[in-house]
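Notes for the one structure printed next.
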2 protein chains.
Amino acid sequence: MEDNRENLKKILNESGDYSVVGSLWIEYNEEKFFGPGRIELLQHIDETGSISKAAKEMKMSYKKAWNMINELNSQTRIPFVILKTGGKEGGGAVLSEAARDMIVYAQELRMRFQEFLKIETNKFKKDFFQTF
Amino acid sequence: MEDNRENLKKILNESGDYSVVGSLWIEYNEEKFFGPGRIELLQHIDETGSISKAAKEMKMSYKKAWNMINELNSQTRIPFVILKTGGKEGGGAVLSEAARDMIVYAQELRMRFQEFLKIETNKFKKDFFQTF
């Protein structure tokens, strides 16, 4: 590793800013279950009480948002989003308590991931740019 | 958190397999620098000695592969891929030693990330499905 470090020190731009970044989500039976897109959609539904309004705020079609929620609901025993039928805009929608709890869990998970990325970014810079 | 756990225990499918997954890459000045796609392309170039052959194996156009390499080369002081001009297939290509070293570093980083994902997957299952 010492040798590698020396080679890479010569080749990387010391003036530039390198960082380790990534994305994270939870899968259910190898299909997407809970990631940034769904979390954002759920938060908009929580604020607006409506899938169509939430979809508009995310600039996605109602159909796409509805499919996302439908798929999410099929992956749990009890729906994350409770749909109210009727009404001009296709009915209202509210989050179940468990959906809110899952958002909190996912946010805590994200913070641990951010910490991992920070440590790796610092390690990268230390390995390649610091002189001891 | 105790309360959250109880709600989520009721709502998640105990029979299903939940896992925490993700992707990881290194950025340079907030642009992609080193991730799975480029690593795979570099490995194919190393095996075949040619960008066009490497592109074929990845089922991407020569133009796209060339752009990927060109951008990568612009992000370091010395090129990662050394191009040899001429020849029927647009000339040969070889990896610099530093490119190989960076691949090794990225693979080690990936292993630490896999470990993080494993720990988080186990934590998720323990938090939501184990009865104490």
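The values are calculated or read from the model by the stated rules, or taken from the named source; none is laboratory data. Please read these numbers as outputs of a predicted model, since none were measured by experiment. FYI the Cβ positions are ideal-geometry reconstructions off the backbone, even for glycines, and counts take in every protein chain you see.
A:Val94 falls short of the stated requirement of being of a type in the set (Val, Ile, Thr) and either in a helix (DSSP H, G or I) or within 21 Å of B:Gly22 (Cα to Cα) (or both).
Here's the yes/no breakdown for (1) more than 14 Å from every other protein chain (Cβ to nearest Cβ); (2) modelled with pLDDT of 95 or more; (3) under 28 Å from A:Ser15 (Cα atoms):
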residue: B:Leu12; (1), (2), (3): no, no, no
residue: B:Gly22; (1), (2), (3): no, yes, no
residue: B:Trp25; (1), (2), (3): no, yes, yes
residue: B:Ile45; (1), (2), (3): yes, yes, no
residue: B:Ala55; (1), (2), (3): yes, yes, no
residue: B:Asn70; (1), (2), (3): yes, no, yes
residue: B:Ser96; (1), (2), (3): no, no, yes
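All conditions in (1) touching a strand residue (DSSP E or B) at 6+ places or on another chain (Cβ under 9 Å); (2) not in a strand (DSSP E or B) hold for B:Val20, with the sole exception of (2). Out of the residues in region B:22-38 that are touching a residue at least 12 places away in the same chain (Cβ under 8 Å) and within 8 Å of the chain's Cα centre (by Cα), which is nearest to A:Phe128 (Cα to Cα)? That would be B:Phe34.
In the condition set (1) within 13 Å of chain B (Cβ to nearest Cβ); (2) more than 20 Å from the chain's Cα centre (by Cα); (3) at pLDDT 90 or above, A:Lys63 is compliant with all but (1). I'd like to know if region A:20-40 contains one or more residues that are buried (at least 17 other Cβ atoms within 10 Å of the Cβ) and of a type in the set (Asp, Glu). Yes, that holds for at least one residue.
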